[in-house]
Amino acid sequence: MSVPIAVWIAAGLGAAGIKLYMDMRDVKQIVENSQARYEDEKYNYYQTQKALLPLLLLAGNLKLEIWQSFERMADALEQIDNLPRQLKYMNFETFRMGKPEREALRETAKVVNTILKGGMADVGSGVLTALALYGATMTHKFDENDVNNLPGFPQCDKGTTILEALSTHQIKVPAAGNVAEASVLNAILDVPAVIQDFGVDKLSKNDKNAAMKLKDKIDKHSMQLADVVGKMQRIHITIERLLNYVQKLNDEYLVQMEKVEQTLLEKKDYEKFKPEEKTALVYAAFLVKTLKAMTRIDILLKRGNLYVFNTMDIREVIDQAKVLFPEEDLTPGNKA
């Protein structure tokens, strides 16, 4: 952009001073442009986070609802006489729903009931965000040498889970709402501090080297925020995809449980079940097994200082869900 003659005159610039004026103006523009890019990344960051948080809270709440319902399956199985040691649905691998499996379902439901009663699942405790992203970590029984790397959550004793450790706590202060949930998300993703003022106004217009250093600093922060935005966008897509299948599986599980419970009002002996009644029981049990797997995976894995997506486990549970519910069966707009 050329400098108007009126500016030259007003600035008292001669031919020798024009280059200096232009150099100073270019430096200022470079720094201001860098700051403008950073402001854009801040906006993208806040908007992406704003869109992601409700989805994480929905996923966290749905997991608690599903895990709590496992007691319903355990209760039904306890009533059945002559239950086969192994069950098989379609062409999937055989699985067990014996006493150890039933006790595990009850244990999960018991912990969730305590969590809900104690208020730890309120929005603002951070539990929902953690559950949405770290189902396996939150429900993993720790060994002596295990270290909890989930920021903001307690280290556990041997043989306990983070969820169990949380169930012994009571919230003594009001939940902090989305601010607290966002802080857990930021800690998990190692989000850098958002800079509000880089001190551009304090920059000496004559110090071109300082201006270039400041530009590099601002650009670095822009890249860091852009990386976080990219991760959050991918998390959003992944959680949304999993949630589509989890909701479908859960809805079908509840339908089958109604059938099983209706059957148990009339008979308790598995050998006297009609073929369709046996199918409903086995299908419901298989859906519980599948839901347990889908809700207990970690979306992110830490590799050194980097977070990577748990692609293998995510793909495995989605592939299994696709067999039960092909993508074309999902409603328009909810396709994975």
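The values are calculated or read from the model by the stated rules, or taken from the named source; none is laboratory data. Here the structure is a predicted model, which means the values were calculated and not measured. When we count neighbours, we look across all protein chains shown, and the Cβ atoms used for this are built from the backbone with ideal geometry, even at glycine.
Report, by residue number, each residue of segment 73-89 that is touching a residue at least 40 places away in the same chain (Cβ under 8 Å) and part of a loop (DSSP other than H, G, I, E, B).
Selection gives Gln79, Ile80, Asn82, Leu83, Pro84, Lys88, Tyr89.
With (1) within 22 Å of Lys28 (Cβ to Cβ); (2) among the polar types (S, T, N, Q); (3) part of a loop (DSSP other than H, G, I, E, B); (4) modelled with pLDDT under 85 as the list, and Gln170 as the residue in question, which single condition is left unmet?
Answer for Gln170: the failing condition is (1).
Got a number for residues in segment 60-102 being small (Gly, Ala, Ser), modelled with pLDDT of 95 or more and closer than 30 Å to Leu185 by Cα?
1
If you take the residues in segment 187-202 that are among the hydrophobic types (A, V, I, L, M, F, W, C) and surrounded by fewer than 16 Cβ atoms within 10 Å (Cβ to Cβ), which one is nearest to Ala130 (Cα to Cα)?
Among them, the one singled out is Ala193.
Could you say whether any residue in segment 199-214 is under 33 Å from the mean Cα position of the chain (by Cα) and modelled with pLDDT under 95?
Scanning segment 199-214 turns up no residue that is under 33 Å from the mean Cα position of the chain (by Cα) and modelled with pLDDT under 95.
Restricted to segment 126-167, and to residues that are at pLDDT below 80 and in contact with a strand residue (DSSP E or B) (Cβ under 7 Å, 6 or more places away or on another chain), which residue is farthest from Val112 (Cα to Cα)?
By that ranking, first place goes to Asn149.
Every residue, every condition in (1) modelled with pLDDT under 85; (2) assigned to a loop (DSSP other than H, G, I, E, B); (3) in contact with a His (Cβ under 8 Å, 6 or more places away or on another chain), yes or no:
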{"site": "Ala293", "(1), (2), (3)": "no, no, no"}
{"site": "Lys302", "(1), (2), (3)": "yes, no, no"}
{"site": "Asp313", "(1), (2), (3)": "no, no, no"}
{"site": "Val317", "(1), (2), (3)": "no, no, no"}
{"site": "Lys322", "(1), (2), (3)": "no, no, no"}
{"site": "Glu328", "(1), (2), (3)": "yes, no, no"}
{"site": "Thr331", "(1), (2), (3)": "yes, yes, no"}
